[in-house]
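See structure below.
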Amino acid sequence: MQVVHTVAELRATLQAARKPAFVPTMGNLHEGHLALVHRARELGDVAVASIFVNRLQFLPHEDFDSYPRTFEGDCAKLRTAGCDIVFAPGERELYPEPQTYKVQPPAPIGDILEGEFRPGFFTGVCTVVMKLFACVQPRVAVFGKKDYQQLMVIRGMVRQFALPIEIVAGETQRAGDGLALSSRNGYLSAGEREEAVQLSLALKALAERVRSGVDRAVAEADATTSLARRGWQPDYLTVRRRADLQAPAEGDTLVALGAARLGTTRLIDNLEF
């Protein structure tokens, strides 16, 4: 496995690659990330993972400075997973001048759900992903379904800019009790970790009630209230149509999505049904 830190090194290393498959990460890796790398290995002739904590997608009060940087451990995990190239640029390498050109997703997908509670988040995500795509020039990129809205935003960006990249979705990886794996799970205390599975259980119950014919708005309000009574601070628990995350109509395939804060840790999850 090669570790490169500059765009020039990366391009030289990839010169002979026919079908690079790419997994962008912010590091602090877990088995969910490694599953995406395994998928990339199946899809391309060279598997590339990036490690870059992207300042542009953090709000001023969020955890950019405290976000865990675990580079040596991450590289060890990627090596074991069969990653071929790790691209780990410094901030000045990826943003050598202020990034005044930005990619802003349309409001109907970018300003709802995560975009409502984290304004500007998807502009930061799209901008860094577009830049990483320009550096790596992959033919395939793998994104996890755990960040469901992000996956849809990236797919839309690739489609509208006619980028020659296939976006592949990796299934959400879960702990034995059902908690979606996340880098931020490490922030949870022992007691919070035990409680954290309640988010996925709430989404499962919400999906079952909507599927059984309960009014969607009623089911969403009940799910939110039930989670709040357990000491959570929910941002949203909602059911949307998978196609565009808008309010569903009869016959749509659906997804339940939730985001809530447990203590100081904000967790997200989703369930297709």
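Of note:
- Hits in segment 175-194 (condition: closer than 16 Å to ALA259 by Cα and out of contact with any strand residue (DSSP E or B) (no Cβ under 6 Å at 6 or more places or on another chain)): GLY178, LEU179, LEU181, SER182, SER183, ASN185, ARG193
- Restricting segment 1-43 to residues that are aliphatic (A, V, I, L, M), part of a loop (DSSP other than H, G, I, E, B) and surrounded by fewer than 17 Cβ atoms within 10 Å (Cβ to Cβ) leaves a set whose member that is farthest from the chain's Cα centre (by Cα) is ALA16.
- Scanning segment 262-273 for residues that are open to solvent by less than 60 Å² (accessible area, probe 1.4 Å), in a loop (DSSP other than H, G, I, E, B), under 11 Å from LEU113 (Cβ atoms) and at pLDDT 95 or above turns up nothing.
- Residue within segment 44-55 that is over 19 Å from the mean Cα position of the chain (by Cα), open to solvent by less than 70 Å² (accessible area, probe 1.4 Å) and more than 22 Å from ARG139 (Cα to Cα) present: no
- Listed by first and then second residue, the pairs linking a residue in segment 253-269 that is in contact (Cβ under 8 Å) with a residue 60 or more places away in the chain and more than 14 Å from LEU179 (Cβ to Cβ) to a residue that is in a loop (DSSP other than H, G, I, E, B) and open to solvent by 10 Å² or more (accessible area, probe 1.4 Å), with Cβ atoms under 6 Å apart and 6 or more places separating them unless they lie on different chains, are VAL255/ARG242.
- Qualifying residues in segment 182-214 (those that are touching a helix residue (DSSP H, G or I) at 6+ places or on another chain (Cβ under 9 Å), part of a loop (DSSP other than H, G, I, E, B) and not hydroxyl-bearing (Ser, Thr, Tyr)) - the one least open to solvent (accessible area, probe 1.4 Å): LEU188
- Candidates VAL140, VAL153, VAL129, filtered to the one that is of a type in the set (Val, Ile, Thr), crowded, with 18+ Cβ neighbours inside 10 Å and in contact with a Lys or Arg (Cβ under 9 Å, 6 or more places away or on another chain): VAL140
- Of all residues in segment 215-254, those satisfying the criterion of being surrounded by 15 or more Cβ atoms within 10 Å (Cβ to Cβ) and part of a strand (DSSP E or B) are PRO234, ASP235, TYR236, LEU237, THR238, VAL239, ARG240, ARG241, LEU254.
- Every residue from segment 44-61 that is touching a residue at least 40 places away in the same chain (Cβ under 8 Å) and either touching a strand residue (DSSP E or B) at 6+ places or on another chain (Cβ under 8 Å) or assigned to a loop (DSSP other than H, G, I, E, B) (or both): GLY44, VAL48, SER50, PHE52, ASN54, PHE58, LEU59
- Subset of segment 71-109 (residues that are among the acidic types (Asp, Glu) and open to solvent by 50 Å² or more (accessible area, probe 1.4 Å)): GLU72, ASP84, GLU91, GLU93, GLU97
The values are calculated or read from the model by the stated rules, or taken from the named source; none is laboratory data. Being a predicted model, the structure only gives us computed values, none of them experimental. Neighbour counts are summed over all protein chains in view; Cβ atoms, including those assigned to glycine, are modelled from backbone coordinates with ideal geometry. Side chains included, ligands, DNA and RNA excluded: accessible areas come from the protein's heavy atoms. Shrake-Rupley method; radii C 1.70, N 1.55, O 1.52, S 1.80 Å.
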